[in-house]
Amino acid sequence: HLSIETQHRRKDGRYYEVEVNISGVEWADQYYLFCLHHDITARKQSEVALRESEARFRAIIEASPIPYALNDEHFNITYLNPAFVRTFGYTLQDIPTIADWWPKAYPDPAYQQQIITDWMAHMAKAEREKQTFEPIEANIRCKDGETRTALVAAEPLNGSFHELHVVSFFDIT
C-alpha cells in the first residue's frame, strides 16, 4: 500500500490537491494495482486556515502585556508568554511543572498551602458550577526576589480544567 499527496490539473488549467492511494493485489496468478484518487482540496484549505488562525492567536498572546501560562492535564506548564517572563523572571526551564512553580512563587510554606487550597477550591467551584474562575489575589515571589501582587485567574480551553487551561496574571502591584 502506498499513499501520496500531490496535485492534479483540471481541464481548465487549475490545480487541486489529491491524495492517491495505491494498493497491489495478487489474484489468479496476476498482479493488479488499484488506485484511488481523492480530492483533498477542502481539507488542505482548512489546514492552511487553521495554521493562520493559530499564528494570529500566538501573535496576540506573544504581544499581550498580560502574563499568561498554559498548563496541560498533567500539570506541566507548556507555555509562558514574554510578558510572564518579563514580569516574574521565570522561564519554562525554571518552572516546567506547576509543582516547580508553587515553591518558587510562594516560598513561605503556610502561604503556599493557603494559595494551593484557594486555587483548588476555585477550580473545583468553576468546574462544578460551569462558571468563570473567580480570580485570586496572590503575592508572587519573582526570580529576582521581588514580590509582585497579581490577580490570578484560569480558563479551560477544552471545557475542563482537567485538560488544557490558560492562567492569566493581572499585575496589580
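The values are calculated or read from the model by the stated rules, or taken from the named source; none is laboratory data. Treat the numbers as computed from the prediction; the structure is a model and nothing was measured. Quick reminder, even Gly has a Cβ in these numbers, built from the backbone with ideal geometry, and neighbours come from all protein chains shown. We work out accessible area using only protein heavy atoms, side chains counted, and drop any ligands, DNA or RNA first. Shrake-Rupley method; radii C 1.70, N 1.55, O 1.52, S 1.80 Å.
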Give just the number: which of (1) open to solvent by less than 50 Å² (accessible area, probe 1.4 Å); (2) farther than 30 Å from Phe170 by Cα; (3) touching an Asp or Glu at 6+ places or on another chain (Cβ under 8 Å) does Gly89 not satisfy? (2)
So, in the stretch 131-173, how many residues would count as being more than 18 Å from Leu70 (Cβ to Cβ), touching a residue at least 60 places away in the same chain (Cβ under 8 Å) and either open to solvent by less than 40 Å² (accessible area, probe 1.4 Å) or β-branched (Val, Ile, Thr) (or both)? 0
Take the stretch 60-81 and flag every residue that is of a type outside the set (A, V, I, L, M, F, W, C) and open to solvent by less than 40 Å² (accessible area, probe 1.4 Å). Ser64, Pro67, Asn71, Asp72, Asn81
Would you please name the residue that is modelled with the lowest pLDDT, looking only at residues in the stretch 111-145 that are touching a Ser or Thr at 6+ places or on another chain (Cβ under 9 Å) and in a loop (DSSP other than H, G, I, E, B)? Pro135
Residues of the stretch 25-59 being among the polar types (S, T, N, Q) and open to solvent by 100 Å² or more (accessible area, probe 1.4 Å), which ones? Gln45
